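The values are calculated or read from the model by the stated rules, or taken from the named source; none is laboratory data. Source: prediction; values computed, not measured. Don't worry about glycine lacking a Cβ; one is built from the backbone with ideal geometry, like all the others, and counts go over all protein chains shown. What goes into the accessible areas is simple: the full protein's heavy atoms, side chains included, and nothing from ligands, DNA or RNA. Shrake-Rupley method; radii C 1.70, N 1.55, O 1.52, S 1.80 Å.
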Amino acid sequence: VTEEERAAELQKTKAIPPVNRLTVDIVELEALRKSVEDFFCFCYGKALGKSTVVPVPYEKIQRDQSAVVVQGLPEGLAFKHPANYDVSTLKWILENKSGISFIIKRPFLEPKKHLG
């Protein structure tokens, strides 16, 4: 193998674009959001006294912010759906799971199903 062939081979490998960093970031962001959402559902279920995960009623909590208290979030960080947090906030939440808990002051009652 001549020096020219080696140089040509090296050019080919350089010409292959690296993995699109944006795609990787989006995949990572979605994975972080999913992890935080699962964690919040676990905390919400635990606060309700259940051993299972319970979907968090984000809209109801936004409307009635005194009904559910989320302890352990950084000062000034509002509780909201994980899709609304940036990467650094999502990572912080996952790194500090042990200090985060939910307290339900007023449970949200499901509307009664009408029979007949």
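Give me the accessible area per residue for region 22-104, probe 1.4 Å, as a whole number in Å².
59
Give, as a single signed number, the net charge of other residues whose beta carbon lies under 15 Å from the beta carbon of Q71, with Lys and Arg counted +1 and Asp and Glu -1.
With Lys, Arg at +1 and Asp, Glu at -1, the net is +2.
Heavy atoms only, probe 1.4 Å: what % of the accessible area of region 22-104 goes to carbon and sulfur, would you let me know?
The computed percentage sits at 55.
Dividing the convex hull volume of the alpha carbon atoms of region 22-104 by its residue count, what do you get in Å³ per residue?
95
List the aspartates and glutamates whose Cα lies under 17 Å from the Cα of K91, skipping any in the same chain that are fewer than 8 positions away.
D25, E28, E30, E37, D38, E75
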